[in-house]
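Everything on this sheet refers to the single structure shown next.
Computed from the coordinates by the stated procedures, all read-outs in this text should not be read as laboratory data. In this text the structure is predicted, and so the values were computed from the model without any measurement. For neighbour counting, all protein chains shown are included, and Cβ atoms are generated from backbone atoms with ideal geometry for every residue, glycine included.
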Amino acid sequence: MKAVVCTKYGPPDVLQLKEVNKPSPKRNEVCIRIYASAVTASDIYIRGSRIPLRFWLPMRLILGFTKPRQPIIGMVLAGEIESVGQDVRQFKAGDQVYGVTGLGMGCYAQYKCMRESDSMRGCLSHKPANISFEEATAAAYGGLLALQRVEEGKIQRGHKVLIYGASGTSGTMAVQLAKYYGAEVTAVCGTRNMELVKGLGADKVIDYTNDEDARAIDRYDLMLDTAGKAKSSRIKELCRQALNPTGQSISIDDGKLELKSERLAKLSALIEAGSIKPVIDRIYPMDRIAEAHEYVEQGRKRGGVAITIEQD
Ligand SMILES: NC(=O)c1ccc[n+]([C@@H]2O[C@H](COP(=O)([O-])OP(=O)(O)OC[C@H]3O[C@@H](n4cnc5c(N)ncnc54)[C@H](OP(=O)(O)O)[C@@H]3O)[C@@H](O)[C@H]2O)c1
């Protein structure tokens, strides 16, 4: 099969399209023919090995010292079940699925085998029928991250919720999910993304690059930072100070992404009901994945960036 192999840690051109052995499923695994993958902020950290010093040793122990132990990186897939192991019960050949493999990685390839049930190496669910495979990758990654944090925030109808970094893969999903749970949503993003974010249903939009917009800051029951702790602004600090005394602040970086197929299934139901819709910024073919990495590395993506995996 064709796969994009990460030959060592380094710039995007360490990613090379190669012919590798096709995997076959164990008794409790499914084999997925992948039609689309995503280039995520996590893939950029892994490929570039741009890991903060205090995490350097543990991450290298997990990932591999001079190059990733799993040479095929990529954590998100959407595709079709090609075959199943003899103990598999929930999926059958031909089912359209989407999922996240976490540090199990292996999604920049034509095929991936993974367990049908949740584990540290991934979660899988039936793909929403009304979106493309590429859109499904943004739904899986951004949706899983956003839904986890939205659930932690225990949003009640009428709560005033501020979503900081509303234009990223998880931010675009978080705005829609908070609206779905009945919140009054204020979204914070940059100037060029204000229309996009308004279109997702935000009640108010604040521009983090315009200090004048500080006047629009209200009091909030929940601040959800979907941009991550490394991305800040004066407006972000002012929003944090504007929390109600009982208000809660949650960052997308507070702990690990939980790989739960139950959440993926919930996202599928919401997407099929038309309550939320993933946002896709760009789609690249597999042989231009280095360009996709260059783009995502700039940290400016609007929604998700997908890779189409061509099948022979
Ligand atoms: N906990 C976990 O397991 C986990 C896993 C994966 C990712 N994460 C975190 O999630 C974060 C977001 O990832 P993502 O893929 O959704 O998006 P991303 O690609 O990291 O971010 C892109 C978006 O961030 C916006 N942005 C950049 N600088 C900003 C700033 N100073 N203030 C507000 N917005 C800013 C950009 O809009 P503009 O162009 O308008 O600035 C762009 O739309 C990551 O950076 C990482 O910290 C956590």
Original post:
With +1 on each Lys and Arg Cβ and -1 on each Asp and Glu Cβ, how big is the dipole of the chain about its Cα centre, in debye rounded to the nearest 20?
Top reply: 680
Original post:
Between residue 288 and residue 66, what FRET efficiency comes out of the Förster formula 1/(1 + (r/R0)^6) with R0 = 22 Å and r the beta carbon distance, rounded to 0.05?
Top reply: 0.25
Subject >> Within the chain, helix-based [θ] at 222 nm, where runs of 4 or more DSSP H residues each add -39,500 (n - 2.57), nearest 500 >> reply: -8500 deg cm²/dmol
Original post:
When 149, 121 are ordered from fewest to most other Cβ atoms inside 10 Å of their Cβ, what list results?
Top reply: 121, 149
Original post:
Which of 163, 46, 34 comes first, and how do the rest follow, when ranked by fewest Cβ neighbours within 10 Å?
Top reply: 46, 34, 163
Subject >> Among 194, 167, 209 - extreme Cα towards positive end, dipole of the range 146-251, charges at beta-carbon >> reply: 167
Original post:
Say R0 is 35 Å: what FRET efficiency, to the nearest 0.05, do residue 298 and residue 154 get from their beta-carbon distance?
Top reply: 0.55
Original post:
Which value in nm describes the separation of the simple spin-label points at residue 312 and residue 16, placed 7 Å from the Cα toward the beta carbon?
Top reply: 2.0
Original post:
After finding the eigenvalues of the alpha carbon gyration tensor for the range 8-122, what semi-axes result from the square roots of 5 times each, listed largest first in whole Å?
Top reply: 27, 15, 12
Subject >> Pairwise FRET efficiency - residue 86 versus residue 251, Cβ, R0 = 35 Å, nearest 0.05 >> reply: 0.25
Original post:
Between their Cα atoms, which of 231/277; 154/256; 160/260; 127/198; 198/229; 154/266 are more than 22 Å away from each other?
Top reply: 231/277; 160/260; 127/198; 198/229
Subject >> Full-stretch length increase - residue 51, residue 211 - with 0.36 nm per residue and alpha-carbon distance subtracted >> reply: 54.5 nm
